[in-house]
Structure formats: C-alpha cells, structure tokens
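Presented below is the structure to which this report refers.
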Amino acid sequence: MVEKFRKLHQQDNPLFIANVWDAISAKGAEEAGFRAIGTSSHAIANVLGYEDGENMSFYEMLYMIERIAASTDLLLSADIETGFTNDLTTLAENVEKLVDVGVVGINLEDGNIESAERKLDDMQVLANKISAIKTHLKSKGKDIFINARTDTYVTEHPQALEETLVRVKVYEEAGADGIFVPLINTEEDIKKVVAASALPLNTFVTIKSLDYAAQKELGVKRISSGNAVHAKVSDFTKYFYKHLNDSKSFYFLF
C-alpha cells in the first residue's frame, strides 16, 4: 500500500488529498471520489478541544487516526506535526504504531512549537527523525512515506526560498519521500523548488494558491486541502445553531 501511495505522487495530475478529522469526514471524502486522504492535526486538535500545536497527546491523536483508518479503504496519511517527541526511539516506535493501524504516510515538520510563536528548528533535527524512522521500520520489514514539511514560508523566513532549497536537499539525503512547503505560492519559487529535487512537491490550499491546473503545469505532485474544509464546517455549525436558537424554528432541520 505504501508503494501504491508513492506511485500516486508520480502522476501527471497532482494527487489531491482531502484532509479529514473524523470517520464522517473520511467517509465523505471516499464517497466524493478522492483516492487518498490525510488527517489534519489542526482539525483533530480542535475536535478534541485543543488549540493547534501538539497540545493533545500522541495517544489521543493515534486513537482518532485509528478510527479514521477503520472507517475507510482510502490510502491514509497522518499529519503528526513535529512527532510529539524529540526522542528518536520513541518517535520511531510511535510511527510504527501508526503503520500498524493502516497509515501509509506521515507529514513530519521542522517547525519548533515549544514557544507561543512557531519557529524554524535546526534542519538536522528533522533529518535525524527521518533517518531514525526509516531505519527502525526497515528493521521490522515495514515502510512509510515521509512527507518532510518545512515551515520556511510559514515562519516568514527572510530568505524563505533559499532556506527551503537547503533544507529540501538535507531532508532528501536523510531519506524523505516527499517535500511539503506550506504557503509557497509564486510560480518562480515553486519552479525552483521542483527543479532542486527529484522528490515530489506538496503544497496546500490557501486563498493565495495558484489553481490546480497552474500547479500541475509547474510540476507540483500533491495538493492538500489543509484545515480549510473543517474551518468551513465549524463556521457553518456555529451559524446553524445560532439560527436555530434565535428563530426557535426547527422545521428547517428536516
């Protein structure tokens, strides 16, 4: 299944990932015809009453991912932020737990979320995590697609493109299977990142994103919906309940 997921990153048309947060959203994505889904750590945290940024525990997240995996036959990738630990042995064992419940890929990022303001971590931290996970899983005869996320644009690095190109090379050498660069939006920057590595480039949807056709033309291989769908659902839920309470009319529910 991991190899099938890898091949979906080598098509002419970019793999479109629906980011989900529970079994209902996963089933919705499956019924809509998506070929693969990814969990949104932001959305799952919010569902459990937490703010984004590893405020839930790994085991709370694992439970939600397990329920999602059990609800669908779609290929499933999991967003695990920075991995919930800096201990390489613990991290590798936790990723194996994800593999064992049916996860075929992970997003693993280089942002440091220990402070209130997200910052870039030393690139070697993520490189070591990638290497440790790959080595551990290989020793067990297991595999996973590691999408190495760099937060160069998210943290507004003053030389975001240049820093991205350096980090892409380091993560590729460490054994990453893909590169995820949130908030990279210009044609010029996307072209340079695509040209710098053989690894498939993943972007995610924002109001400033180039459209699907334009990203395909530039060589992007994977596009993720991010937290946008969950945010819309949450906003609609608030509106719906307010209308219900204000109007005291319930006939429109049916």
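The values are calculated or read from the model by the stated rules, or taken from the named source; none is laboratory data. Just so you know, these numbers come straight off a predicted model, no measurement behind them. When we count neighbours, we look across all protein chains shown, and the Cβ atoms used for this are built from the backbone with ideal geometry, even at glycine. In case anyone asks, the SASA skips ligands and DNA or RNA and just uses the protein heavy atoms, side chains included. Shrake-Rupley method; radii C 1.70, N 1.55, O 1.52, S 1.80 Å.
Between R149 and L108, E109, D110, F180, the built amide H atoms are under 5 Å apart, and every one of these is 5 or more places off in sequence or on another chain.
With θ taken as phi - 60° and the Karplus curve 6.51 cos²θ - 1.76 cosθ + 1.60 applied, the whole-hertz 3J(HN,Hα) list for the range 160-171 is 4, 5, 4, 5, 4, 4, 5, 5, 4, 5, 5, 6 Hz, x standing for glycine and proline.
Partners of K242 within straight-line reach, counting lysines whose Cα lies under 26 Å from its Cα and excluding those fewer than 8 residues away in the same chain: K232.
Which percentage, to the nearest 5, of the DSSP beta bridges contained in the range 1-123 is antiparallel?
Percentage antiparallel, nearest 5: 20.
Looking at the chain, what % of its DSSP beta bridges pair antiparallel, to the nearest 5?
Roughly 5 percent of the beta bridges in the chain run antiparallel, per DSSP.
Stretching the chain fully between T135 and V233 yields a gain of 31.3 nm (0.36 nm per residue, less the alpha carbon separation). Within the same chain, lysines fewer than 8 places from K238 are excluded, and of the rest, those with a Cα less than 22 Å from its Cα are K248. Of the accessible area of the chain, computed with a 1.4 Å probe over protein heavy atoms only, carbon and sulfur atoms account for 53 percent.
In nm, what is the difference between 0.36 nm times the number of residues separating N185 and A214 and their Cα-Cα distance?
Once the chain is fully extended between N185 and A214, it gains 9.4 nm.
Take every DSSP beta bridge whose two residues both sit in the range 108-240; close to 15 percent of them are antiparallel.
Between the entries (1) 0.95; (2) 0.98; (3) 1.06, the label attached to Rg/Rh (Cα atoms, Kirkwood Rh) calculated for this structure is (2).
Applying 1/(1 + (r/R0)^6) with R0 = 51 Å to the Cβ-Cβ distance of K7 and Q159, what FRET efficiency is obtained, to the nearest 0.05? For R0 = 51 Å, the calculated efficiency reads 0.90. Between the amide H of V20 and those of G38, T39, S40, distances stay under 5 Å, these residues lying 5 or more places away or on another chain, with hydrogens modeled in the peptide plane. Accessible surface for the chain, divided over its residues, is 50 Å² per residue with a 1.4 Å probe.
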